[in-house]
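The structure appears right after this line, and notes come after that.
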Amino acid sequence: MRKVLVACRLDQAGVEMMKGAGIDVAYREDISQEEFDGIYANYDAVIVRSNVRVRPVRGRGNLRLIVRAGVGLDNIDVSGFTSLGVRVLNTPDAVTRAVAELTIGLMLCLARDIVRLSGELKLGKWSKAQAQGVELAGKTVGVIGCGRIGGEVARLAMALGMRVLVNDVVRVSQDFLEQVKGRQVDLETLLRESDFVTVHVPLNPSTRGLIGEKELKLMKRTAYLINTARGDVVREEALKRALREGWIAGAALDVFSKEPPEDVELLRHPKLLPTPHIGAQTSEAQRIAGIEAAKLVISELGTRSA
Ligand code: NAD
């Protein structure tokens with residue numbers, strides 16, 4: 001019998017699909033790193049999210065397939081496993097809308113200081129007189145990394161009346177730019193001109209630390225930074241200085257270099273709006289990711305074990 005280790009939270013619809021296909025499913029959403037390293041090689045396939053690092057510490061064993069339910073593969077040693085003959089696949093489209101909507105939500109929260117004002121009211125303080133937000137309409141959003149998520153953010157921002165600038169290492173299609181009434185620019189222009197800078201690149205050696213001191217200093221003092229991509233794309237030490245010294249107006253982070261984050265100074269800074277890596281945490285995204293991951297397992301194990 002084919003055996004699959006689900007080493008993360010996965011929608012039950014996906015689990016049931018695999019069981020229905022005659023696969024023996026071990027569901028271990030709270031597995032520790034140590035235990036994962038000790039047992040992954042006993043399974044034909046594993047399904048993970050960003051919760052464990054997946055490295056070939058025990059070679060390949062029975063493993064033929066690793067499925068990342070979601071997008072980023074930065075926690076998986078893809079080349080190490082590929083050279084051992086293990087396929088590594090993901091479900092890239094499942095979470096696009098969820099992350100894009102969170103990004104717009106964070107922009108709105110920053111623009112109107114919603115979280116702070118709401119928190120104060122719950123403590124009995126009516127801060128109406130001190131509240132002075134800005135509107136998104138008419139402002140410029142700079143989207144760094146204009147793939148699936150960045151593209152969706154650009155579409156939503158355009159619908160809100162924002163001017164769209166995009167930066168990407170590849171040429172963004174003219175059709176898309178016309179659709180969002182946007183312009184592709186170099187990083188420096190984007191940083192100088194944007195009121196909201198939002199990051200949607202994958203984490204890799206070329207994007208690690210992409211937003212550091214130099215980039216933050218290029219931004220307007222009234223601008224906001226949003227990172228829903230990966231923590232290490234933004235240099236947290238530089239961001240702390242930027243917030244402390246007023247290089248930018250504020251920032252929202254859904255992702256951190258270490259999760260959960262331990263840098264209390266950053267986390268508690270009044271100009272920082274942190275969320276606990278919830279970009280993909282919607283029922284819709286989780287259901288689609290679960291079903292797509294199960295389909296990949298069924299089709300890969302089915303055809304390969306025949
Ligand atoms: P994607 O591959 O569709 O898009 C990434 C884009 O970034 C591509 O267009 C690529 O050309 C561009 N890019 C790469 N390097 C660049 C650079 N140095 N400068 C500018 N552009 C560059 O990926 P996606 O589906 O849009 O996802 C983007 C990232 O979002 C993922 O890699 C993941 O890290 C993150 N993510 C976060 C959450 C969350 O829960 N917060 C959920 C899903 C994905």
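With a cut-off of 13 Å, note down the residues of region 90-124 whose backbone N falls inside the zone around a label point 7 Å from the Cα of residue 160 toward its beta carbon.
Within reach of a label on residue 160: 100-114.
Using a 1.4 Å probe, what is the accessible area per residue for region 95-274, in Å²?
Normalised by residue count, the accessible surface of region 95-274 is 50 Å².
What are the ³J(HN,Hα) values, in whole Hz, obtained from phi via the Karplus relation 6.51 cos²θ - 1.76 cosθ + 1.60 with θ = phi - 60°, for each residue of region 97-110 in sequence order, with x given for Gly and Pro?
Rounded to whole hertz, the list is 5, 4, 5, 5, 5, 4, 4, 5, x, 5, 4, 5, 4, 5.
Taking only Cα atoms, what is the 0 to 90° angle, nearest 10, from helix 236-245's long axis to the longest principal axis of the chain?
That helix lies at roughly 20 degrees to the long axis.
For the chain, what does -39500 (n - 2.57) per DSSP helix run (n ≥ 4), summed and divided by total residues, give at 222 nm, in deg cm²/dmol to the nearest 500?
Working: 12 runs with 116 residues, N = 306.
That calculation yields -11000 deg cm²/dmol at 222 nm.
Normalised by the number of residues in the chain, what is the relative contact order in percent for Cα pairs under 8 Å and 6+ residues apart?
That works out to 18 percent.
Mind checking which aspartates and glutamates have their Cα closer than 18 Å to the Cα of residue 125? Skip sequence neighbours fewer than 8 apart in that chain.
Within the straight-line cut-off, residue 125 pairs with 113.
Expressed as a whole number of Å, what is the distance separating the alpha-carbon centroids of region 248-306 and region 39-66?
Each part reduced to its Cα centre gives a spacing of 20 Å.
Just list whichever of 214/258; 122/220; 181/271; 128/181; 128/217 have alpha carbons separated by over 28 Å in the model shown.
122/220; 181/271; 128/181; 128/217
DSSP loop GluC sites (Glu not before Pro) in region 180-266 with at most 12 other Cβ atoms within 10 Å of their Cβ, which ones?
For GluC sites (Glu not before Pro) across region 180-266 that sit outside H, G, I, E and B with at most 12 neighbouring Cβ atoms in 10 Å, the list reads 262.
Quick one: net charge of residue 74's neighbours, Cβ under 11 Å, K/R +1, D/E -1?
Residues near residue 74 contribute +2 overall.
Please turn the phi angles of region 48-63 into ³J(HN,Hα) values with the Karplus equation 6.51 cos²θ - 1.76 cosθ + 1.60 (θ = phi - 60°), one per residue in order, whole Hz, x for glycine and proline.
Whole-Hz 3J(HN,Hα) from phi for region 48-63: 9, 10, 8, 6, 10, 8, 10, 10, x, 5, 10, x, 9, x, 7, 5.
Which of these, 274, 92, 260, has the largest mean-square fluctuation under a Gaussian network model of the chain (Cα springs below 10 Å)?
260
What part of the accessible area of the chain, given as a whole %, is carbon or sulfur when the probe is 1.4 angstrom? Can you show the working numbers first?
Working: 7600 of 14780 Å².
Taking all protein chains in place, the chain shows 51 percent carbon and sulfur surface.
Taking H placed 1.01 Å from N in the peptide plane, check which residues at least 5 places from residue 226 or on another chain put their amide H under 5 Å from its amide H.
It is 197, 198, 199, 252, by chain and number.
The values are calculated or read from the model by the stated rules, or taken from the named source; none is laboratory data. Since the model is a prediction, treat every value here as computed from it, not as a measurement. Note that each Cβ is placed from the backbone with ideal geometry, even for glycine, and that neighbours are counted across all protein chains shown. Just so you know, the surface numbers come from the protein's heavy atoms only, side chains and all, with ligands and any DNA or RNA stripped out. Shrake-Rupley method; radii C 1.70, N 1.55, O 1.52, S 1.80 Å.
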